[in-house]
Amino acid sequence: MKKFLSTALLFSVIYTVTGQDSLYKPGPDSQRKEGVPKGTVTKYNWESKLYGNFREYYIYVPAQYDSTKPAALMVFQDGYAYAREDGDFRVPVVFDNLIYKKEIPVIIGVFINPGHLSKDYPENRFRASNRSDEYDDMSDRYVKFLSEELLPYIKKQYNISDNPKMHAIGGLSSGGICAFTAAWQRPDYFQKVLSHVGSFTNIRGGHEYPDLIRKSTKKDIKVFLQDGSNDLNNNFGDWWLSNLQMESALKFRGYDYKFEKGTGSHSGKHGGAILPESLRWLWSDVMKK
């Protein structure tokens, strides 16, 4: 157990490593623009019955949301990192700009932090006590938490499409493999995956995914991978090699995927810089006329 708890701290320890990250900067679609309607982001707390713990989460509602029309859904793990407007990803800003230009659908964004044993959350949310237990686990437990506990509650408040092609899930590091696991376990619920520096390594068996992909019947999942050649290489595995193995397996099995390769480290710099084009690609199938 101590081994797994220590891996929960892994991302927070190395997140500040720069590598080649200085090459990546947020582009125009990651900046606030005059005349673009601004969506709202509201913070909440949730007590999970499944996990017996607590977490913060945020809901983004775009200005264009119409309660008479089903909206798309996108869930982000390590929600705090994605919801911050001064962070690497700035998802609310990117959503505002791309929805305004009709390059992605009207999306309800749900940004979920990992669970913690109490409401006394650590200042660094990546240090939440249950992060590895939730994110690195390859079972259906986390997607069960989403699909049977938290999201049904949110869907009572907002008109969200039931079409799995209108449901995307993303995350970085352990949150990246978590997103893939959710779609792998429940492609009837999530059919779009966004993985930034995904931990497809042997923390809790994630290195087995390339083999599972090759040997399993193809699932209806669209996958965007991002990683850098200066990513981690330690006793849990080689992150860059693991993502290359994922790419090879997805290609072999004929998945609709894209792998954006860079030279960055284990951080959100590269993924944040390319987020607008990542989202355009991920949602391109439902935006076709």
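What follows draws every value from the coordinates through simple rules; no lab data is involved. Nothing here was measured: the structure is a model prediction, and the numbers come from that model. Every residue, glycine as well, gets a Cβ built from its backbone with ideal geometry; the counts of neighbours run over all protein chains shown.
Look at the alpha carbon pairs under 8 Å that are at least 6 residues apart: their mean separation over the length of the chain gives a relative contact order of 21 percent. Here's how it looks for Phe76: its modeled amide H is under 5 Å from those of Val110, Phe111, Ile112, Gly170, which are all 5 or more places away or on a different chain. When the C-alpha to C-alpha distance is required to be over 30 Å, the pairs from Lys69/Lys288; Lys49/Lys155; Lys215/Lys269 that qualify are Lys215/Lys269. Taking amide H atoms as placed 1.01 Å from N in the peptide plane, the amide H of Phe259 lies under 5 Å from those of Leu225, each 5 or more residues away in sequence or on another chain.
Sequence-ordered 3J(HN,Hα) estimates for the range 126-132 from the Karplus curve with 6.51, -1.76 and 1.60 and θ = phi - 60° stand at 5, 8, 4, 5, 9, 4, 5 Hz, glycine and proline given as x. In the range 172-232, Cα pairs under 8 Å separated by at least six residues give a relative contact order of 38 percent.
Our coupling estimate for the range 26-34, obtained by passing each phi through the Karplus curve with A = 6.51, B = -1.76, C = 1.60 and θ = phi - 60°, is x, x, x, 6, 9, 10, 5, 10, 4 Hz, Gly and Pro reported as x. Remark: the range 107-112, residue by residue, has Karplus-estimated 3J(HN,Hα) of 10, 8, x, 10, 10, 10 Hz, where x stands for each Gly or Pro and the curve is 6.51 cos²θ - 1.76 cosθ + 1.60 at θ = phi - 60°. Taking the DSSP bridge list for the chain and keeping only pairs wholly inside it, about 35 percent are antiparallel.
Tell me which lysines have Cα within less than 19 Å of Lys218's Cα, excluding those fewer than 8 residues away on the same chain? Straight-distance partners of Lys218: Lys165, Lys192, Lys251, Lys258.
Ranked by the mean number of other Cβ atoms within 10 Å of their residues, highest first, the peptides 69-79, 160-170 fall in the order 69-79, 160-170.
Rounded to the nearest 20, the Cβ-based charge dipole of the chain about its Cα centre (Lys and Arg +1, Asp and Glu -1) stands at 520 debye.
Most tightly packed first, judged by the mean number of other beta-carbon atoms within 10 Å of their residues, the peptides 32-42, 55-65, 149-159 read 55-65, 149-159, 32-42. The amide H of Ser129, built 1.01 Å from its N in the peptide plane, has Leu117 as neighbours under 5 Å, considering only residues 5 or more places off or on other chains.
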